Amino acid sequence: MDQPVPDSAMSNWLPEAPRPVEAPVPVGTRVILDASARFLDRDFLTGGSPWRLLRLPGGSRAVAERWREGDVVQAGEERFARTLVQQGLLHPVVHEMVDLDDVDVVVPVRDDVASLRALLGQLSRLHVTVVDDGSSDPDSIERCAQEFDTQFIRLRVNAGPGAARNAGVFATSRPLLWFIDVDVTLDSPLDTLHRLAGPLGDPLVAATAPRITGAGGTSVRDRFERRFGALDMGPASALVVPGGIVGYVPSACLLVRRAAFGEGFDEALRTGEDVDLVWRLHDRGWLVRYNAEVVVAHRARGDWRQWWDQRVGYGASTSDLAKRHGTRLAPLRADAWTLIAWSSALVGRPMIGARILRVARDQMRVRVAAHAERPGEVANALVARGMLRAGVPLARSVIRTFGAAVLVSALHPRLRRQALLLFVVGTVARGRSVRMRVDEVPVAVADDLAYGVGVAKGAWRSRSLATLRPQITKSSIRAADLLGRRPRLGSTG
């Protein structure tokens, strides 16, 4: 099937998700509390994505504690379960076998016959559509597709991965769409499919994604990709939420409900189209789930130049995404006092941060006093944990985008120690459960520098500082509070 290049001026409309109140978790559904969830005092639960503090009145805590190790939803608990699911604090545990006749697999490809042949060999029992995205030798791609009896679509010129995937979607009709990039390897395709499809039993879940690690190899770059690959969202399953523990998932391997897909990927985006789709699904009320227990492999770029260009491209894509999603693309996000507290510690003035911590603790104690038996302990736990939890991600965010500037500042004798400390922490702290090896550090530095170059390149191209401007959020702390005045009653952070 020979198709013209799709029109990139599409509206990218997505349907709205069902309202949560209309889709309570059914009685009998097995659920499990998120691993990040923590009970405090009598009535409080913390965790979720993004992190939050909830008060559980009445017998709600006993119900939530019953779900800690996994249990079923009983009559009368359906809406409470839905509330916790929507906030990333509770996860339905569903094991269902999907009907293969309900799934359309879409594989975009350009000039990589060998990888296509290997992938199609794994997908022999599935309904596959291969979309040739302007290959220099499209006939060889078509012959390969025909060899495995798959549907073939040819785009006359290269239109980008989003347009290629859309073309495959619009030429098919089954209720589930499974996007698989040609350089992805699946150890057991059917098992992967069944495990990814389970969460779609929830009518509010639009898409699920596995953990994507590097394919491995003998070089230091291959080993780095295996442990710290750019598409690897980490070892913890989570609800995908902008600003959350897992802020997006890549489309290299993504299972999507067709009813939620609408007009699909934004074809004007050559990179970052998957981030855009996931965020638009979120904005329409849909849930997207990341399942870290399902792992697939993704081959890294063939040489250092291609690898560098890929990372620069990831950074450059943020400028186009910022036009659509605003401050979600800010290089870091924190309230002013958190930034001041950690900056003071970095420059050797920890008493400033300690004062901020005390004021924040006092304000939190006032807020929870009416509902806590030990408000001081609750305030200490929440504020200390929150402040400590913010430090490493802040360092990581700074180095990810501004690593080159931090290195340059290390040339100044008065800034050297602080700059190098910040650079080291921000480089090795990648939110993983594994420690970085010494020989991987240069690759990590190159990874961040390339991304930072890309961000600057995108900002210059778009004539916008949106991706270079930190997002400073509001705080309940006032300068007057730090100078000794009593915290305001009823303050909300």
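The numbers here are math on the coordinates, done by the rules we state, and not lab data. Nothing here was measured: the structure is a model prediction, and the numbers come from that model. As a convention, Cβ positions derive from the backbone with ideal geometry for all residues, glycine included, and neighbour counts pool all protein chains shown.
Grouping the Cα pair distances of the chain into 20 Å bins from zero gives a pair-distance distribution of 21, 53, 24, 2 percent in increasing distance order. Distance from the Cα centroid of the range 194-211 to that of the range 237-314 is 14 Å (rounded to whole angstrom).
Tell me which trypsin sites (Lys or Arg not before Pro) from the range 133-217 have a DSSP coil assignment and no more than 14 other beta carbons within 10 Å of their own.
Numbers: sites: Arg143, Arg154, Arg156, Arg165, Arg195, Arg211; in loops: Arg156.
Listed in order of number, the matching sites are Arg156.
Alpha-carbon geometry of the range 430-470: the Rg and the Dmax are 13.8, 39 Å, given in that order. Assuming charge only on the beta carbon of Lys and Arg (+1) and of Asp and Glu (-1), the dipole of the range 333-482 about its Cα centre is about 200 debye to the nearest 20.
All alpha carbon pair distances within the range 30-92 were sorted into 10 Å bins beginning at 0; the resulting P(r) in whole percents reads 24, 63, 13.
Net charge dipole, the chain: roughly 3440 debye, given to the nearest 20, about the Cα centre with Cβ charges of +1 for Lys and Arg and -1 for Asp and Glu. Taken over the Cα atoms of the range 289-398, the convex hull encloses 196 Å³ per residue.
Which whole-number percent is the relative contact order of the chain (Cα, under 8 Å, 6+ apart)? Before the final figure, lay out the partial values.
Details: 920 pairs, mean separation 76.0, N = 493.
Contact order relative to length: 15 percent.
Considering every alpha-carbon pair of the range 44-140, the percent of pairs per 10 Å bin, from zero through the bin containing the longest distance, is 12, 29, 14, 17, 19, 9, 1.
The convex hull built on the alpha-carbon positions of the range 254-345 has an orientation-averaged projected area of 9.6 nm². Equivalent ellipsoid of the range 333-482: semi-axes from √(5λ) of the C-alpha gyration tensor, largest first, are 33, 18, 16 Å. Using Cα atoms only, what is the angle between the long axis of helix 375-409 and the major principal axis of the chain, expressed in degrees (0 to 90) to the nearest 10? Its long axis makes an angle of about 60 degrees. Across the range 67-108, counting alpha-carbon atoms alone, Rg and Dmax equal 15.3, 46 Å. So, in Å, what gap is there between the alpha-carbon centers of the range 56-128 and the range 339-404? If we compute the Cα centre of each part, the gap is 35 Å. Annotation for the range 261-302: trypsin sites (Lys or Arg not before Pro) lying in DSSP loop with at most 12 further Cβ atoms inside 10 Å of their Cβ do not exist.
Can you check what the Kirkwood hydrodynamic radius comes to for the range 100-300, Cα pairs only, in Å to one decimal? List each step's numbers first, then the result.
On the way: mean 1/r = 0.0591 Å⁻¹.
It works out to 16.9 Å.
Positive-end ranking of Ala446, Ala390, Trp51 along the dipole of the chain, with charges on Cβ about the Cα centre, is headed by Ala390. By the count of neighbouring beta-carbon atoms within 10 Å, fewest first, Ile356, Ile32 end up ordered Ile32, Ile356.
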